[in-house]
1. Counting only residues that are of a type outside the set (A, V, I, L, M, F, W, C) and open to solvent by less than 70 Å² (accessible area, probe 1.4 Å), how many does the range 16-28 have?
2. Can you find a residue in the range 14-23 that is part of a loop (DSSP other than H, G, I, E, B), modelled with pLDDT of 95 or more and under 24 Å from R96 (Cβ atoms)?
3. Exactly one condition in (1) charged (D, E, K, R); (2) touching a residue at least 60 places away in the same chain (Cβ under 8 Å); (3) on the phi < 0 side of the Ramachandran plot is not met by K191; state its number.
4. Of all residues in the range 29-72 being farther than 30 Å from G223 by Cβ and small (G, A, S), which is most open to solvent (accessible area, probe 1.4 Å)?
5. Tally time: how many residues in the range 121-166 are open to solvent by less than 40 Å² (accessible area, probe 1.4 Å) and among the charged types (D, E, K, R)?
6. Just need a number here: residues in the range 81-98 that are open to solvent by less than 40 Å² (accessible area, probe 1.4 Å), at pLDDT 95 or above and under 22 Å from K229 (Cα atoms).
7. Just need a number here: residues in the range 100-120 that are open to solvent by 20 Å² or more (accessible area, probe 1.4 Å) and under 28 Å from Q5 (Cβ atoms).
8. Just give me the residues in the range 33-49 being part of a strand (DSSP E or B) and closer than 30 Å to L236 by Cβ, in sequence order.
Amino acid sequence: MERLQKVLAQSNIASRRKSEEIILAGRVKVNGHVVTELGFKVNKDDVVEVDDKPISRAEHVYFLMNKPTGYVSTTSDEKGRQTVIDLLDDNHRAMRVYPVGRLDYDTAGLLLLTNDGEFTNKMTHPEHEVEKEYLARVDGIVIRKKIQQLRKGVIIDEDYLAIPKAVRLIELDKEHQSTLLSITLIEGRNKQVRKMIEALGHEVKKLTRVRYSFLTLEGVERGSYRPLKIHEVKKLYGLATQKKS
């Protein structure tokens, strides 16, 4: 049994909030009867109609993409830039999937896409503590004192203390005066890794997300994607539930 507004949202009728408005307006019927109760629950055998038209419940799909730079993590872009949806084949694009969270235009790496709103909420809400690991190629040599400072947390966005889950020094390239860092977050503020590095007085030259919880980019070339396996989806749901509890 699932809440009616959740079923509408998962069927791509509208967002969860907009679906609630549609219900309250008396536009939804369940088994021929108008329902205006937001907490009303339905099962898979119930016939749900919106404006007297039966809805078809969308099959949930989940993809792992190795996003290239130069693509925006949205379903459309007002500036006419390429989006990650352009990397999907026609059949998958027709499933109306969308990115789970975002990777910046200039950031590459692991991005999940789905049409499952509940999954998206569990993966993106900070309370579920889903780990995201990034490899950051930083301009200049980041000294040990600054790495220790980064581990303790730095101020970004004027007053926000950003504390990473973990920071590891991967490489010091003295010849090219650069540093490779691994930074793991359980949150995802806009351009957070770049801002954290800037707070140390350095600049990120290249940024790639290489891990999302237990998922990696193994076997997925840049610009391509693969479906998540059923056990992977179940494991992600399970880990998020454990963190919340």
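The values are calculated or read from the model by the stated rules, or taken from the named source; none is laboratory data. Please read these numbers as outputs of a predicted model, since none were measured by experiment. Positions of Cβ are backbone-derived with ideal geometry, glycine not excepted, and every protein chain shown enters the neighbour counts. For accessibility, only protein heavy atoms count, side chains too; no ligands or nucleic acids. Shrake-Rupley method; radii C 1.70, N 1.55, O 1.52, S 1.80 Å.
1. Qualifying residue count for the region: 3.
2. Scanning the range 14-23 turns up no residue that is part of a loop (DSSP other than H, G, I, E, B), modelled with pLDDT of 95 or more and under 24 Å from R96 (Cβ atoms).
3. (3)
4. S56
5. Going through the range 121-166 one residue at a time, the tally reaches 3.
6. Here the count works out to 4.
7. So the answer is 5.
8. Answer for the range 33-49, where residues must be part of a strand (DSSP E or B) and closer than 30 Å to L236 by Cβ: K41, V42, V48.
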